[in-house]
Amino acid sequence: QVQLVESGGGLVQAGGSLRLSCVASGRIASINVMGWYRQAPGNQRELVAVVTGGGSTNYADSVKGRFTFSRDNAKNTVFLQMNSLKPEDTAVYYCVADTLGRRYWGQGTQVTVSS
């Protein structure tokens, strides 16, 4: 089992920044992919950023150049630095971790960007 706990969401004005954190616990050694998804009201959940075990990071086109994925392996934590936020970035953001047999989700953290 893997447990994921996100934090760092909140309300911010357009153009502002937030940094999301996700702490992983449990069978961390079994994780081979970690990333962030988001879901806005009425929309499907969509990929924001994902980093593979090989270290490459893929970003959604809508966030390239504004969002940055990073990790602190010593603290079993991944981050999503979000700059130049736009109202369309408003969503619940979820941390995700993939093992060979299963995908784990965090509980989500709300990000609201006001115009």
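The values are calculated or read from the model by the stated rules, or taken from the named source; none is laboratory data. In this text, all values refer to a predicted model and were calculated from it rather than measured experimentally. A quick note on method: Cβ atoms are made from the backbone with ideal geometry, for glycine too, and the neighbour counts reach across all protein chains shown. Protein only, heavy atoms only, side chains kept; ligands, DNA and RNA dropped before computing areas. Shrake-Rupley method; radii C 1.70, N 1.55, O 1.52, S 1.80 Å.
List of remarks:
- Residue check for VAL5: in contact (Cβ under 8 Å) with a residue 40 or more places away in the chain, of a type in the set (A, V, I, L, M) and open to solvent by less than 30 Å² (accessible area, probe 1.4 Å): no
- Annotation note: of THR52, THR68, the sole residue that is β-branched (Val, Ile, Thr), under 15 Å from SER21 (Cα atoms) and in contact with a strand residue (DSSP E or B) (Cβ under 6 Å, 6 or more places away or on another chain) is THR68.
- Of all residues in the range 42-67, those being exposed (fewer than 12 other Cβ atoms within 10 Å of the Cβ) and in contact (Cβ under 8 Å) with a residue 40 or more places away in the chain number 1.
- Exclusive hit being at positive phi and assigned to a loop (DSSP other than H, G, I, E, B), set GLY54, GLY101, GLY65: GLY65
- When the range 106-115 is filtered for residues that are in contact with a Lys or Arg (Cβ under 9 Å, 6 or more places away or on another chain) and open to solvent by 30 Å² or more (accessible area, probe 1.4 Å), only SER115 remains.
- Only one of the numbered conditions (1) within 14 Å of VAL111 (Cβ to Cβ); (2) open to solvent by 50 Å² or more (accessible area, probe 1.4 Å); (3) not β-branched (Val, Ile, Thr) is not met by ALA29, and that is (1).
- Extreme residue, most open to solvent (accessible area, probe 1.4 Å), among residues of the range 79-98 that are over 15 Å from SER7 (Cβ atoms) and in a strand (DSSP E or B): ASP98
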